[in-house]
Amino acid sequence: MIGWVPNRCLYMVFAVALLPALLLEVVNAANTNSTVNKPNICILLADDLRADCLGILGHPIVKTPNLDGVCKEGHIFRNTYVLGSNASAVCIPSRQMILKGVSYLRPGFRNNHKIPTMAETFREAGYLSMRAGKPKNGDEVFDENQYGGHADGNADYLVEFIEKNAGGDKPLFLYMAGHEPHDSQYAPDEYYSRYQPADIPMPVSFLPYHPFDNGAMLEADEFRTLKWPRTKEALQAKLAKYYASTTFWDAEAGRVIEALKQAGQYENTIFVVSSDNGYSNGDHGLMGKQNLYEFGGMHSFVIFAGPGIPKGESKALAYLMDIYPTLCELTETKIPNELDAKSLAPVISGKSPKVRDYLFTAFKKNQRAIRDDRWKLIRYPLINKTQFFDLENDPHEMNDLFDQPENADRIKVLMAALQEKQKRFGDKAPLTVDNPADPAWNPGIGKEELAKRTAKRAAMNSGNGSSKREAGK
Ligand SMILES: [Ca+2]
């Protein structure tokens with residue numbers, strides 16, 4: 001090295017002269033999607049996992065040691081959301097948006113094949129890709145597609161794929177789309193025995209039933225899960241199963257992680273841990289995902305971990321579909337121009353505290369919401385009702401501040417932002433109706449309709465052999 005010192009000036013002259021060419025080469029390398037030294041990608045996606053339901057997220061009960069281990073040096077985005085859903089099965093638009101990076105409210109969303117999906121973009125960039133888990137969500141374009149049933153079957157396929165292909169010519173793009181902990185909360189018995197219902201704490205904003213008709217009172221997640229009025233004992237039993245199913249999913253995701261370790265690829269893999277949507281689990285008297293409360297249907301989380309990702313946590317407002325351009329930027333892969341999603345890489349690197357000021361969510365035509373860093377507005381167009389919450393002081397939305405005069409200007413600002421975001425994401429649903437429905441609701445009011453739906457479902461299941469499990473929802 002000492003021999004370099006006399007020549008340092010000469011070296012610098014060369015370096016300065018070559019700098020423009022070197023820079024051009026770097027830029028070209030980024031644009032040509034070269035796979036040289038690109039890390040593997042491993043997306044571990046749960047189904048209906050609540051936004052706070054991992055050990056690493058501070059949950060007091062659930063045990064998720066494998067994912068905690070992967071994520072402990074990663075970057076956590078707690079304020080991550082599904083944009084919305086036009087169906088009870090939030091999973092379907094959510095998983096499609098994750099893969100497409102585009103709003104589900106765009107015309108022709110499901111059949112628009114002009115914009116490359118995440119799987120296509122990474123295949124084009126030289127990756128070898130595999131999906132195992134829930135099918136038929138716009139994911140047919142992976143190099144290999146397998147179902148596998150529950151998380152153990154998903155993991156079997158992925159482990160085999162890793163053993164065969166890891167460390168080869170192509171980096172791997174792995175997508176585990178597990179069923180757990182979706183209702184009815186499957187897990188082998190050994191996992192159920194780990195959680196005793198009596199030990200399960202109750203949700204902060206537990207109610208026996210939701211106090212008004214949000215337009216989604218009789219969605220399947222509500223009427224098929226627990227009877228009204230919900231009781232402490234029934235909910236504790238349900239939550240015990242939910243946590244068992246989550247721990248089962250964690251263990252099977254752990255087998256995929258271990259396979260990457262055995263292949264010497266763990267340090268060379270970017271992990272993404274998330275859930276396709278959130279779940280209410282008893283908060284506000286709701287069980288499922290057809291609502292816009294925090295820790296409810298559209299609120300999820302995402303954690304990125306791996307090479308080039310410093311440990312951190314952010315309050316930045318994010319969408320699940322942001323995973324797509326974020327992974328592109330983290331791997332120097334070109335981001336398609338047409339995406340609605342935004343890369344979170346500037347937040348991960350510390351260059352910017354956020355990528356958007358407002359976060360818009362929607363469910364069918366009966367609920368719309370918008371939040372900023374502190375305030376949250378939920379609009380129920382079919383009953384012309386608005387709720388307004390201070391998330392900083394009331395993160396569980398237990399005090400509706402809509403009627404307080406001092407909030408009038410804040411409400412105006414958020415309502416205007418809501419309308420602007422509707423236009424931005426292609427949402428044409430009205431926020432007000434001429435003949436609002438009766439907002440009153442209680443289990444007695446729902447009884448008749450509930451009986452009809454239960455009978456219809458029983459007839460379907462017994463009559464024509466269509467009782468197969470509603471996978472993919
Ligand atoms: Ca789901």
> Hey, S343 hits all of (1) more than 24 Å from S314 (Cα to Cα); (2) buried (at least 16 other Cβ atoms within 10 Å of the Cβ) but one; which does it fall short on?
Replying inline: (1)
>> Out of the residues in the range 388-436 meeting the condition of being in contact with a Phe, Trp or Tyr (Cβ under 6 Å, 6 or more places away or on another chain) and outside any helix (DSSP H, G or I), tell me which one is surrounded by the fewest Cβ atoms within 10 Å (Cβ to Cβ).
In response: F402
> Within the bounds of the range 276-297, is there any residue that is assigned to a strand (DSSP E or B), within 16 Å of the ligand (Cβ to nearest atom) and within 15 Å of the chain's Cα centre (by Cα)?
Replying inline: no
> Filter the range 298-312 for residues that are closer than 21 Å to D394 by Cα and not in a loop (DSSP other than H, G, I, E, B); which is nearest to the ligand (Cβ to nearest atom)?
Replying inline: S300
>> Residue under question is I370, and the condition is that it be under 30 Å from I115 (Cβ atoms) and touching a Gly at 6+ places or on another chain (Cβ under 8 Å); does it hold?
In response: no
>> Looking at the range 255-274 only, could you name the residues that are under 19 Å from the mean Cα position of the chain (by Cα) and either within 18 Å of S300 (Cα to Cα) or in a helix (DSSP H, G or I) (or both)?
In response: F271, V272, V273, S274
>> Given the criteria of a type in the set (G, A, S), modelled with pLDDT of 95 or more and assigned to a helix (DSSP H, G or I), does A187 qualify?
In response: no
>> Can you report the number of residues in the range 434-458 which are touching a helix residue (DSSP H, G or I) at 6+ places or on another chain (Cβ under 6 Å) and modelled with pLDDT of 80 or more?
In response: 3
>> Test of understanding: among K351, K334, which residue is basic (K, R), surrounded by fewer than 20 Cβ atoms within 10 Å (Cβ to Cβ), touching a residue at least 40 places away in the same chain (Cβ under 8 Å) and not in a strand (DSSP E or B)?
In response: K334
>> Quick test of your reading of the structure: T231 fulfils all but one of (1) more than 16 Å from the ligand (Cβ to nearest atom); (2) under 24 Å from the mean Cα position of the chain (by Cα); (3) more than 20 Å from K38 (Cα to Cα). Name the failing condition by number.
In response: (2)
> Which condition breaks for N28 when tested against (1) over 24 Å from the mean Cα position of the chain (by Cα); (2) at pLDDT 95 or above?
Replying inline: (2)
>> Give all pairs with beta carbons closer than 9 Å in which a residue from the range 377-400 that is assigned by TED's automatic domain parsing to the domain that holds S205 meets a residue that is among the aromatic types (F, W, Y); count only pairs at least 6 apart in sequence or on separate chains.
In response: none
> All but one of (1) outside any loop (DSSP other than H, G, I, E, B); (2) farther than 30 Å from L218 by Cβ; (3) touching a helix residue (DSSP H, G or I) at 6+ places or on another chain (Cβ under 9 Å) hold for L339; which doesn't?
Replying inline: (1)
> Which of the residues belonging to the range 118-160 are out of contact with any helix residue (DSSP H, G or I) (no Cβ under 7 Å at 6 or more places or on another chain), surrounded by 20 or more Cβ atoms within 10 Å (Cβ to Cβ) and closer than 23 Å to N337 by Cβ?
Replying inline: F122, A125, Y127
>> Looking at A318 and the list (1) within 16 Å of the chain's Cα centre (by Cα); (2) more than 16 Å from the ligand (Cβ to nearest atom); (3) farther than 22 Å from P39 by Cβ, which single condition is not satisfied?
In response: (3)
>> Looking only at the range 77-86, count every residue that is away from the ligand (no atom under 11 Å from the Cβ) and either part of a loop (DSSP other than H, G, I, E, B) or buried (at least 24 other Cβ atoms within 10 Å of the Cβ) (or both) and tell me the total.
In response: 6
> Residues T225, T246: which one is more than 30 Å from W441 (Cα to Cα) and touching a residue at least 60 places away in the same chain (Cβ under 8 Å)?
Replying inline: T246
> Within the bounds of the range 92-111, is there any residue that is within 18 Å of the chain's Cα centre (by Cα), within 14 Å of the ligand (Cβ to nearest atom), within 22 Å of S343 (Cα to Cα) and among the charged types (D, E, K, R)?
Replying inline: yes
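The values are calculated or read from the model by the stated rules, or taken from the named source; none is laboratory data. Keep in mind it's a predicted model, so treat the numbers as computed, not measured. Neighbour counts run over all protein chains shown; Cβ positions are idealised from the backbone, glycine included.
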